[in-house]
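Participant: Please find one structure pasted underneath; my questions will follow.
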Amino acid sequence: MKVKAWLILSAMFLGITCAVYAAHLDDFNGAKLSSIWTYRDPKGNGKYKLEGGKLILDLKAFSDMYKQGVDGGVMFLTDPPNIEDFSIEMLINVAVKGSQPPSTHAGIVFFNEDKWAYSIWGPYTARDIRVEDCVGQDYRWRDQAQIGVDLADVAIDQDVYLKVVKTGKKLEFFTKGSPGEDWVSGGVDEKLGPYYKPGEYQVGMVFKSWSGSVDSTFEVDYFDIPELNTAVDPEDKLATTWASIKR
């Protein structure tokens, strides 16, 4: 009987493990922000909460992040995996109140603070989904970076899926509008790649606004780095559940 009971418990444990491993890096299901994140808000422009399995951020107007010296955006940052090639995925809703607010940009970020080098990929002021990047004072809009996806191909609505694939020093930027669709590539960038060396940068989520903006709300459903092969659970549900089973 003891052997049988152990087999049952082992099967239950493996089932729980698989369920956790199948989740995203952060599904925002906990009561508090996971410890993987560093919340960066130098001007105090944001206010966030976790509710209904989403990260919800309220952002003040005029929260810009731009050339070095303009640092009012909000970021949630984490260390990238210790491998050269990996991908990041994110599901964001920038149209919480019906449409994306004017003069806002939100999505995935690669960020080297020491060099003030960053790449932002995501919905831009309801116009398109684009890359904007900067090194010091060298800032590129979409028409300069030439990386983006038009609204005719992927709509900016309550579900915008974003992905960045890093291969060596190359970043390729993808988006889609629903889980069953194929990823649409917005292009490849090599200019910023040399700034994303191990130990010198972080990755995560960014939210910013500028002149002409209004107070805005954004929701993130999940953030994932699939190559990490595990999920982060801010309340350590696996350990808690396994302890309950052993009792």
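The values are calculated or read from the model by the stated rules, or taken from the named source; none is laboratory data. Keep in mind that what you see is a predicted model, and the values were worked out from it rather than measured. No Cβ is skipped: glycine too gets one built from the backbone with ideal geometry, and neighbour counts run over all protein chains shown.
Participant: Of all residues in the range 173-228, count the ones that are more than 16 Å from the chain's Cα centre (by Cα), charged (D, E, K, R) and either buried (at least 19 other Cβ atoms within 10 Å of the Cβ) or not assigned by TED's automatic domain parsing to the domain that holds Gly122 (or both).
Facilitator: 1
Participant: Test Phe111 against the stated conditions and say whether it is in a strand (DSSP E or B), aromatic (Phe, Trp, Tyr) and under 20 Å from Tyr161 (Cβ atoms).
Facilitator: no
Participant: Of the residues Gln68, Gln100, which single one is over 17 Å from Gly199 (Cα atoms), more than 18 Å from the chain's Cα centre (by Cα) and modelled with pLDDT of 95 or more?
Facilitator: Working: Gln100 fails: more than 18 Å from the chain's Cα centre (by Cα).
Unique residue meeting the criteria: Gln68.
Participant: Looking at the range 78-90, which of its residues are out of contact with any Leu (no Cβ under 7 Å at 6 or more places or on another chain) and either among the hydroxyl-bearing types (Ser, Thr, Tyr) or buried (at least 20 other Cβ atoms within 10 Å of the Cβ) (or both)?
Facilitator: Residues satisfying the conditions are Thr78, Pro80, Ser87, Ile88.
Participant: Would you check if there is a residue in the range 141-150 being of a type outside the set (A, V, I, L, M), in the same structural domain as Ile88 (by TED's automatic domain parsing), modelled with pLDDT of 95 or more and in contact with a helix residue (DSSP H, G or I) (Cβ under 6 Å, 6 or more places away or on another chain)?
Facilitator: Within the range 141-150, one or more residues are of a type outside the set (A, V, I, L, M), in the same structural domain as Ile88 (by TED's automatic domain parsing), modelled with pLDDT of 95 or more and in contact with a helix residue (DSSP H, G or I) (Cβ under 6 Å, 6 or more places away or on another chain).
Participant: Here is a list: Lys208, Lys176. Which entry is basic (Lys, Arg) and within 28 Å of Trp116 (Cβ to Cβ)? Give the derivation first.
Facilitator: Working: Lys176 fails: within 28 Å of Trp116 (Cβ to Cβ).
Of Lys208, Lys176, the one residue that is basic (Lys, Arg) and within 28 Å of Trp116 (Cβ to Cβ) is Lys208.
Participant: Would you call Tyr195 touching a residue at least 40 places away in the same chain (Cβ under 8 Å) and either of a type outside the set (Phe, Trp, Tyr) or farther than 21 Å from Gln144 by Cβ (or both)? Break it down into steps so the answer makes sense when it comes.
Facilitator: Details: touching a residue at least 40 places away in the same chain (Cβ under 8 Å): yes; either of a type outside the set (Phe, Trp, Tyr) or farther than 21 Å from Gln144 by Cβ (or both): no.
Here the answer is no, as Tyr195 does not meet what is asked.
Participant: Being surrounded by fewer than 18 Cβ atoms within 10 Å (Cβ to Cβ) and touching a Ser or Thr at 6+ places or on another chain (Cβ under 9 Å) is the filter; apply it to the range 97-113 and report the residue that is nearest to Asp41 (Cα to Cα).
Facilitator: In the first step, residues of the range 97-113 are kept if they are surrounded by fewer than 18 Cβ atoms within 10 Å (Cβ to Cβ); the result is 97-99, 102, 113.
Filter once more, keeping what is touching a Ser or Thr at 6+ places or on another chain (Cβ under 9 Å): 97, 102.
Details: Lys97: 23, Pro102: 21 Å.
Applying the filter and picking the extreme gives Pro102.
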